[in-house]
1. At a 10 Å Cβ-Cβ cut-off, how would you order 59, 102, fewest neighbours first?
2. Would you please name the GluC sites (Glu not before Pro) within the stretch 55-94 that are DSSP coil residues with at most 15 other C-beta atoms within 10 Å of their C-beta?
3. Could you list 60, 120 in order of exposure, starting from the residue whose Cβ has the fewest other Cβ atoms within 10 Å?
4. So how do 52, 71 line up by other beta-carbon neighbours within 10 Å, fewest first?
5. Using a basic spin-label model with each label point 7 Å from the Cα along Cα→Cβ, how many nm lie between residue 141 and residue 47?
Amino acid sequence: MSALRKLAPVLLALTTACSCSHLLARPEDALEPNDDLAHATPLTAGQAVQGRANQGNADVFSLQVPEAGKRLLFRLENRGLENCPAFTVTGPDRRQVLYRDDWFRCHAVRGSRPQPAERVEGAALSPAAGSGYELRVPAAAAGPYFLTISEQGEADNLFPLGWDYQLTAELE
């Protein structure tokens, strides 16, 4: 039995008993706080931003759409760490969900993702080069649209997960 397998139960017990999770936390990115719609980081079309989505701490971005009938493209490039994100796009009324991934465990779906829990017609997530993603969503109205990035969990993770990414938003 490997040393790691022997230590895993001990580490789990220590982490649970002493509430030491703060010692294992990954540092946040420079965009914080951007954890909800009220504190969303504004994006400029065509300009990339670097971010880190940590498990339990979503990143929220907004993009202003000047006129109805456009399509938003969120291009996410993988910059490292676990790469197990889930995405939600919310419309200008801050209530209508245009795209939302269901929560899932990445270890079971590496290389494929479950169907989204919600999406409007024309909304789609597709893989991109370098294990990145392209998320397209129709913009039926002018106003701010919000992208939420959440890092998902693994079945056996003892430590908080994170994902480093580069995000570029565009209007098509």
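1. 102, 59
2. Details: sites: 67, 77, 82; in loops: 67, 82.
Filter output for the stretch 55-94: 67.
3. On the way: 60 21, 120 14.
With the sparsest Cβ surroundings first, the list reads 120, 60.
4. Details: 52 22, 71 14.
Going from sparsest to densest Cβ surroundings: 71, 52.
5. Each label point is offset 7 Å from its Cα along the Cβ direction, giving 2.7 nm.
Here, each number is a calculation from the coordinates, and none is a lab measurement. Remember, it's a predicted structure, so these values are computed and weren't measured experimentally. When we count neighbours, we look across all protein chains shown, and the Cβ atoms used for this are built from the backbone with ideal geometry, even at glycine.
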